[in-house]
């Protein structure tokens, strides 16, 4: 690979990272859990709260059964609980429940009650959503770079191979 192609790839990567940083999705910030939570909540116009109120769009909380076992409830209505659909014996399903609740309520100004904000399932769900958003914003930034006249380095490499009959 020629030096000019390497320099172009470096320039493209630098421009892409600058665009990602401007949108809140830079590589350095991706390791900061508070930042990740902030940008995901901003994107979905989401508030996660551990203050119970009747105006939440979804509720995820822990309950105890009559015989002392812990179960987890995930419901859009604090007054309705369908045992077969809304009650979970293990908390490992709650990450998917939270992600689904966020997607289902993606209509702006969403408020989701969780019994404790720093549970692992919340961190897992937010991290998964962040990864999805990074892919979305990377594609958007690449499109912006293309509109600005920058071709993605992969296409430059292919053109170079074709031009040199390799």
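Read the figures in this text as sums done on the coordinates, not as results from a lab. Remember, it's a predicted structure, so these values are computed and weren't measured experimentally. Heads up, the Cβs are rebuilt from the backbone with ideal geometry, glycines too, and the neighbour counts pull from every protein chain shown.
For Rg/Rh (Cα atoms, Kirkwood Rh), several values are listed as (1) 0.97; (2) 0.95; (3) 1.17; flag the one computed from this structure. Derived directly from the coordinates: (3). Taking the chain as the reference, fit the longest principal axis to its C-alpha atoms, fit the long axis of helix 94-104 to the helix C-alpha atoms, and give the angle between the two in degrees, 0 to 90, nearest 10. Compared with the principal axis, the helix lies near 70 degrees.
Computed extension gain for residue 100 through residue 144, at 0.36 nm per residue and net of the alpha carbon distance, reaches 12.9 nm.
Between residue 29 and residue 51, the contour length at 0.36 nm per residue exceeds the alpha carbon distance by 5.1 nm. Cβ crowding within 10 Å ranks 36, 134 as 134, 36, fewest other Cβ atoms first. For the options 92, 105, 45, a Gaussian network treatment of the chain with springs between C-alpha atoms closer than 10 Å singles out 92 as fluctuating the most.
Within the chain, DSSP assigns beta bridges of which about 55% are antiparallel (rounded to the nearest 5). The mean sequence separation of alpha-carbon pairs under 8 Å and at least six residues apart, normalised by the residue count of the range 3-160, gives a relative contact order of 30 percent. From its DSSP helices (H runs of at least four residues, each -39,500 (n - 2.57)), the chain gives a residue-normalised ellipticity at 222 nm of -17000 deg cm²/dmol.
What ranking, highest mean first, results for peptides 79-85, 17-23 when packing means the other Cβ atoms within 10 Å averaged over each residue?
Descending packing order for the listed peptides: 17-23, 79-85.
How many angstrom lie between the Cα centre of the range 1-33 and the Cα centre of the range 93-110? Between the Cα centre of the range 1-33 and that of the range 93-110, the gap is 30 Å. Taking Cα atoms only, the orientation of helix 153-163 departs from the longest principal axis of the chain by about 30 degrees.
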